[in-house]
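**Q** There's a structure below that I have some questions on.
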Amino acid sequence: MKFSETKHFYKLHGAGNDFIILDNRPGNCPEAVFDGTAHDRIARICARHTGVGADGFMLISDSQRADFALAYYNADGRPGEMCGNGARCAVWLACQLGIAPENCTFDVWGQLYRATVTDKYRVRLQMRPPIILKSDAELSALKSDGFSAMFWLDTGVPHLVIEFADQLDGLDVMRWGKYFREHALFQPSGTNVNFVQPSGDQQLTVRIYERGVENETLACGTGAVACAVFAAKKFGWASPVTVKSPGGWLFVDFDEALQEITLTGPVCEVFTGNLKLEI
């Protein structure tokens, strides 16, 4: 990615999941070129101590078949298939900038999504139907150390959901998240890892280890959807399911067949600034 001058950026978060977003339409970033070194520069921008700091990086661009196109990159600079909270933040920003209406469509790497800004700082996102990659029975060999039921799902990106029998506050998320993220069963691409506990009526508490960030994050949108699908499959819960993560609350609504799923949650604009990408 090559820029000859500083570019304006926006920093937003959705339930603690934070992102750097650039308006990449013509006239805003006309020199944006993705080359073999782009991932390294994005990783430096997302670095917590020497960059702006974020869980992900996004570019909003023009689209011929939707209100806008969204390119998403994980904190390591590599492209990510989808990010639920990132997409919600991008939709909110696109509406604020006059790029998209409150009910809009957007394109993420060729996949079309729909979303609605439901009030001033809240966005509802229509998700793709989940795919069960491995059932609880297929993952039985991994059950130990308080890890009981498990499902591996694709909700836009792969997520392993694990019910943890003890208190989540005492769980070493870095140790176990990295262990499962890199486990041979989930290769070659690895997986995000969600540790969950039922904590109320139709409510889950979750802690998340995110692939591409390689750390615990405060929330994850596609992960919240995976956790809600897990609850529907494991506990027979009906819609809606509330997912409580360290960064805040997310709400997942779904039909009985788990084909129509929405993710709703808050969006917060943290700050704006000027970024020199040639760092």
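The values are calculated or read from the model by the stated rules, or taken from the named source; none is laboratory data. What you see is a predicted model, and the numbers here were worked out from it, not measured in a lab. Virtual Cβ from ideal backbone geometry, glycine too; neighbours counted across all protein chains shown.
**Q** Looking for whichever is surrounded by fewer than 19 Cβ atoms within 10 Å (Cβ to Cβ) and in the same structural domain as T191 (by TED's automatic domain parsing) here; the options are L142, L97, L112. Which one fits?
**A** Among L142, L97, L112, only L142 is surrounded by fewer than 19 Cβ atoms within 10 Å (Cβ to Cβ) and in the same structural domain as T191 (by TED's automatic domain parsing).
**Q** How about the range 234-255: which of its residues are under 22 Å from Y209 (Cα atoms) and assigned to a helix (DSSP H, G or I)?
**A** Passing the criteria: only K234.
**Q** Can F151 be described as buried (at least 24 other Cβ atoms within 10 Å of the Cβ), touching a residue at least 24 places away in the same chain (Cβ under 8 Å) and closer than 24 Å to M127 by Cα?
**A** yes
**Q** Condition first: under 14 Å from L139 (Cβ atoms), surrounded by fewer than 16 Cβ atoms within 10 Å (Cβ to Cβ) and not small (G, A, S). Now tell me which residues in the range 170-196 satisfy that.
**A** Y179, H183, L185
**Q** When residues of the range 213-228 are filtered for being surrounded by fewer than 24 Cβ atoms within 10 Å (Cβ to Cβ) and either more than 16 Å from the chain's Cα centre (by Cα) or part of a loop (DSSP other than H, G, I, E, B) (or both), how many remain?
**A** 3
**Q** Could I ask something else about it? Within the range 178-189, is there a residue that is of a type in the set (D, E, K, R) and either in contact with a Pro (Cβ under 7 Å, 6 or more places away or on another chain) or closer than 30 Å to F106 by Cβ (or both)?
**A** yes
**Q** Okay, next question. Does Y121 count as assigned by TED's automatic domain parsing to the domain that holds D67, surrounded by fewer than 15 Cβ atoms within 10 Å (Cβ to Cβ) and either within 19 Å of V252 (Cβ to Cβ) or at pLDDT 95 or above (or both)?
**A** Criteria met by Y121.
**Q** Going through the range 129-139 one residue at a time, which ones are surrounded by fewer than 19 Cβ atoms within 10 Å (Cβ to Cβ), in contact (Cβ under 8 Å) with a residue 40 or more places away in the chain and in a loop (DSSP other than H, G, I, E, B)?
**A** Of everything in the range 129-139, those that are surrounded by fewer than 19 Cβ atoms within 10 Å (Cβ to Cβ), in contact (Cβ under 8 Å) with a residue 40 or more places away in the chain and in a loop (DSSP other than H, G, I, E, B) turn out to be P129, D136.
**Q** Among the listed residues S140, S144, S135, S148, which satisfies the condition of being under 17 Å from L204 (Cβ atoms) and among the hydroxyl-bearing types (S, T, Y)?
**A** Only one candidate passes the filter, namely S148.
**Q** Test V270 against the criterion of being touching a Cys at 6+ places or on another chain (Cβ under 9 Å) and either of a type in the set (A, V, I, L, M, F, W, C) or modelled with pLDDT of 95 or more (or both), and give yes or no.
**A** no
**Q** If you go through the range 193-200 one residue at a time, do you hit one that is of a type outside the set (K, R), in contact (Cβ under 8 Å) with a residue 40 or more places away in the chain and assigned to a loop (DSSP other than H, G, I, E, B)?
**A** no
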